[in-house]
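The values are calculated or read from the model by the stated rules, or taken from the named source; none is laboratory data. Here the structure is a predicted model, which means the values were calculated and not measured. Cβ atoms come from the backbone with ideal geometry, glycine included; neighbour counts cover every protein chain shown. Ligands, DNA and RNA are excluded from the accessible area calculation, which covers all protein heavy atoms including side chains. Shrake-Rupley method; radii C 1.70, N 1.55, O 1.52, S 1.80 Å.
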Amino acid sequence: MPLPPSIHVVTHPLVQHKLTKMRDKQTSSANFRRLLREIGLLLGYDATRDLPLGTTRIETPIEGMEAPLLDGKKLVIVPILRAGLGLAEGVLDLVPLARMGHVGLYRDPRTLQAVEYYFKIPGDISDRDVIVCDPMLATAHSAIAAVDRLKETGARRIKMICILAAEPGARAFAEVHPDVPVFTAAVDAKLNDHGYIVPGLGDAGDRLFGTK
Ligand code: PRP
Ligand code: URA
């Protein structure tokens, strides 16, 4: 069955190459962190394709011109802690003036439900484009909970960036939030009994921060 239309797989060769390096268990935490940031930038490039543009009058050294410039209030990047921090770095490289929000969630290892422990976002979120960052969309419980919370606070234009989704999670997310496009480097077929993506890349937070 084809994936829902809100799920976008970014097939760019650089993205695919970097994802393979990240999946490899021999990759060190330092390299994993660098690759995550680089993929964040590349996925962010795709996810920001439709940001509104206005124009501004500037003087080049040759003559004056009306030149394109991002319009509207600054973008908000919202990493889901912890692992989303590493992905958000890449999006921030792309849009350095963006605002940041943070959603702290962990997965209860027994129930696989998302448990919130932190939530802080800019006050005027309803006027801004929001990009939620989390490298892994497994059951999608975390991503669904984060977007639920953002919508409750008034966010209307939300996108999600992850590097790896499991097909059941991608479908579940698209069913609950069909208005939130997801940009991912790959969609793997399944989850194991512990809710890990197979073949996946393991525990993103542990690999990023060297906690295992
Ligand atoms: C990981 C990952 C996602 C979540 C995905 O976080 O970064 O947030 O699991 O799983 P789900 O789609 O089944 O909800 P984790 O709970 O391990 O927390 P951490 O980032 O603090 O390690
Ligand atoms: N969280 C991870 O970090 N990895 C998975 O495979 C699933 C959830």
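Quick notes on this one:
- With both residues required to sit in the chain, DSSP beta bridges show an antiparallel share near 40%.
- The Stokes-Einstein estimate for the chain, based on a Kirkwood radius over Cα pairs and taken at 20 °C with 1.002 mPa s viscosity, is a diffusion coefficient of 122 µm²/s.
- Ligands, DNA and RNA are left out, and with a 1.4 angstrom probe the accessible area of segment 154-212 is 42 Å² per residue.
- Theoretical ellipticity at 222 nm over the chain - DSSP helices of four or more residues, -39500 (n - 2.57) apiece, nearest 500: -10000 deg cm²/dmol
- Highest-fluctuation residue, 42, 94, 14 considered, GNM on the chain with Cα pairs under 10 Å: 14
- Cβ-defined net charge surrounding residue 28, 11 Å radius [Lys, Arg +1; Asp, Glu -1]: +4
- Between segment 110-167 and segment 26-76, the alpha-carbon center distance in angstrom: 21 Å
- To put it simply, the accessible area of segment 1-60 at a 1.4 Å probe is 56 percent carbon and sulfur.
- Dipole-positive endmost among 200, 11, 68 within the chain (Cβ charges, Cα centre): 200
- Taking 20, 153, 56 as the candidate residues, the one with maximal mean-square fluctuation in a Gaussian network model of the chain, Cα springs under 10 Å, is 56.
- Across segment 7-199, the relative contact order, built from alpha-carbon pairs under 8 Å that are at least six residues apart, equals 21 percent.
- Protein heavy-atom accessible surface, 1.4 Å probe, per residue over segment 28-153: 51 Å².
- Distance in nm between pseudo-label sites at residue 179 and residue 69 (7 Å out along the Cβ direction from Cα): 3.0 nm
- Within a Gaussian network of the chain (alpha carbon springs, distance under 10 Å), most fluctuating of 119, 173, 32: 119
- In the structure shown, the pairs 120/212; 18/74; 74/190; 21/73 are assessed against 31 Å; a Cα-Cα span above that value is assigned to 74/190; 21/73.
- Computed over protein heavy atoms with a 1.4 Å probe, the carbon and sulfur contribution to the accessible area of segment 114-162 reaches 49%.
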